[in-house]
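The values are calculated or read from the model by the stated rules, or taken from the named source; none is laboratory data. Given the structure is predicted, the values throughout are model-derived calculations rather than measurements. No Cβ is skipped: glycine too gets one built from the backbone with ideal geometry, and neighbour counts run over all protein chains shown.
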């Protein structure tokens, strides 16, 4: 039975990689916060830049993103505030145009919501540290198209066994659907994440994913240990 545990002080200001306590009697691994202390949160664009994609082929891509947020003491949750910026462009219904969140600066998109630290699960694979992002509905315009986003994202922590002040997290998709789909709740129950969904011009919602790379910066060096 695998045991995951974070070593070090306090967690990041937005997406917090909480300590993962020893497995319960039911063989689940439960997240647990130790000594929460807000530090810095930064973001890092991957080679493709932050990019949303749907099953039907609609995409929205921005040049960069950054975020900040809050941590609730001794809990594995908080609020986040992410801004997608830098000439956000969308290809919606085959037309490529600039995209802007309603009420936001030109070609930027504000995303608000809550985060939870969880344990990611995959059939036949080891458990991993992950961040679950619960989005408030997002509305943006891409020329004459009105796009609405809602739902959740699950993003893996990369190289969690390496002790470091900065850890990478990665959100990924394949063919318009997110790659990470299952996680353990604080009660140890395996749960399928509510997918990220997209609607165009008030049409039917379809599944959507995002590819993006970011960093978590901790007060002290942190590792996840077997």
Among (1) surrounded by fewer than 16 Cβ atoms within 10 Å (Cβ to Cβ); (2) under 23 Å from residue 188 (Cα atoms) - the single one residue 129 does not satisfy: (1)
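Would a scan of region 91-106 turn up a residue that is closer than 15 Å to residue 208 by Cβ, at pLDDT 90 or above, out of contact with any helix residue (DSSP H, G or I) (no Cβ under 9 Å at 6 or more places or on another chain) and buried (at least 19 other Cβ atoms within 10 Å of the Cβ)? If you could, list the steps in order and put the result at the bottom.
Filtering region 91-106 for residues closer than 15 Å to residue 208 by Cβ gives 91-93, 99.
Narrowing further to those that are at pLDDT 90 or above: 91-92, 99.
Still in the running and out of contact with any helix residue (DSSP H, G or I) (no Cβ under 9 Å at 6 or more places or on another chain): 91-92, 99.
Going one step further and asking which of them are buried (at least 19 other Cβ atoms within 10 Å of the Cβ), we end up with 92, 99.
Yes, region 91-106 has at least one match.
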Step by step: first the residues of region 176-195, then only those that are in a loop (DSSP other than H, G, I, E, B) and under 18 Å from residue 213 (Cα atoms), then the one that is modelled with the lowest pLDDT. Which residue is that? 176
Taking region 125-161 and the residues there that are out of contact with any strand residue (DSSP E or B) (no Cβ under 6 Å at 6 or more places or on another chain) and assigned to a loop (DSSP other than H, G, I, E, B), the one that is modelled with the highest pLDDT would be 144
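Taking the condition assigned to a strand (DSSP E or B), in contact (Cβ under 8 Å) with a residue 12 or more places away in the chain and farther than 29 Å from residue 201 by Cβ, does residue 116 pass?
Details: assigned to a strand (DSSP E or B): yes; in contact (Cβ under 8 Å) with a residue 12 or more places away in the chain: yes; farther than 29 Å from residue 201 by Cβ: yes.
Here the answer is yes, as residue 116 does meet what is asked.
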